[in-house]
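These notes are about the structure you will find just below.
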Amino acid sequence: MSKILERLYLGSYVEAKNQVELKKKGITHIVTVGSELQVLYPGSFKYLYIPAFDLADYELSPYFDQVAEFIHKAIEEENSSILVHCFYGISRSATCVIAYLIKYHQMTSEKAFKFVKSKRSVMNPNDGFVKQLSIYCNKINNREEIKEEEQKIEKGLEVVFEYCCRGCEKILFDEENIVHNKNLSATCLDVYLKYMSWMGQLKNNSSKIVCPNSKCGMVIGYIKREGGKCCCGAHVDKMFAIYPKTLLLKKT
Ligand SMILES: [Zn+2]
Ligand SMILES: [Zn+2]
């Protein structure tokens with residue numbers, strides 16, 4: 001059997017049969033890849049069995065995650081070593097080891113291929129498996145990118161809303177424009193804004209705030225230039241008050 005990494009071996013069925021040699025190498029876990037093969041010593045080793053054929057159109061990739069994780073966990077255990085084998089240790093088992101290197105050692109499929117080849121020169125996955133590994137590698141990298149995006153969102157902004165007119169769904173303002181009652185609390189009747197340029201009616205002494213969409217024109221609030229108190233007791237300098245029930249919140 002060929003040592004690929006510390007505690008990770010790649011080999012053949014003949015080698016997987018040799019209990020004495022397995023014990024000598026400190027093998028505790030075995031991945032058996034082959035529908036024609038049997039799990040030999042279930043009492044002595046922890047097995048993962050994958051019923052694969054060495055055919056270019058055989059879908060081995062559905063097992064990649066599972067086998068990569070099994071290898072990873074086996075290596076992490078104390079005093080453990082793992083043998084991954086098929087019949088010759090050339091195609092199916094080598095493919096599984098490469099999948100593991102792609103997932104847990106951030107290798108590209110080409111690099112992982114060359115790496116395993118350098119440790120076991122006879123290894124030679126069939127063309128179909130090589131393709132599946134390349135697709136798997138792309139998938140893993142995309143998954144990482146998506147994970148990073150999700151983490152960014154979790155860390156930074158929670159969910160950001162746009163506040164729209166309920167009548168016509170025109171976007172009116174966002175959270176940054178609110179001076180009081182960002183949470184639309186029930187104890188504060190209204191939402192108080194900074195002056196927004198679309199509140200043009202300020203100039204002609206109207207005390208109403210209407211939706212700036214001329215086709216809509218719904219009354220959505222009022223203006224109190226001298227300011228005043230919100231019902232929660234907070235003082236608001238200049239009141240550009242919007243009625244919460246005229247608003248529609250949309251996630252950006
Ligand atoms: Zn409107
Ligand atoms: Zn209030």
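Numbers for the structure displayed
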read-out	value
Kirkwood Rh, Cα atoms: Rg over Rh of the chain	1.40
Relative compactness, the range 1-74, computed as alpha-carbon Rg over 2.2 N^0.38 Å	1.10
Rg/Rg_ref, the range 1-148, where Rg_ref = 2.2 N^0.38 Å and atoms are Cα	0.97
Under 5 Å, built H, 5+ apart or other chain: amide partners of F173	Y163
Fluctuation leader among Y222, Y13, Y58 - the chain, Gaussian network, Cα springs under 10 angstrom	Y222
Percent of alpha-carbon pairs separated by more than 19 Å within the range 67-152	42
Theoretical ellipticity at 222 nm over the chain - DSSP helices of four or more residues, -39500 (n - 2.57) apiece, nearest 500	-9500 deg cm²/dmol
Over the chain, relative contact order from alpha-carbon pairs under 8 Å, at least 6 apart, %	15
DSSP-defined beta bridges in the chain - what % are antiparallel, rounded to 5	65
Y47 long-range amide H proximity, modeled H, under 5 Å	I30
Vicinal HN-Hα couplings computed from phi for the range 191-200 (Karplus, 6.51 cos²θ - 1.76 cosθ + 1.60; Hz; Gly/Pro x)	10, 9, 10, 5, 5, 10, 4, 6, 8, x
Where Rh is the Kirkwood radius over Cα pairs, Rg/Rh for the range 173-252	0.94
Sequence-distant residues sharing a close amide H with V179 (under 5 Å, placed H)	Y192, L193, K194
Listed residue pairs exceeding 29 Å between alpha carbons, taken from K117/K139; K152/K229; K194/K215; K152/K208; K25/K139; K17/K131	K152/K229; K152/K208; K25/K139; K17/K131
Whole-Hz ³J(HN,Hα) from phi, Karplus 6.51 cos²θ - 1.76 cosθ + 1.60, for the range 220-237, glycine and proline x	10, x, 8, 10, 9, 4, 6, x, x, 9, 6, 5, 7, x, 6, 8, 10, 4
For the range 208-217, 3J(HN,Hα) per residue [Karplus equation, 6.51 cos²θ - 1.76 cosθ + 1.60, θ = phi - 60°, Hz, x = Gly/Pro]	9, 10, 10, 4, x, 6, 5, 6, 9, x
Compactness of the range 116-252 as Cα Rg over 2.2 N^0.38 Å, two decimals	1.86
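We did not get these values from a lab; they are worked out from the coordinates using the rules stated. Owing to the predicted nature of the structure, the values given are computational and were not obtained by experimental measurement.
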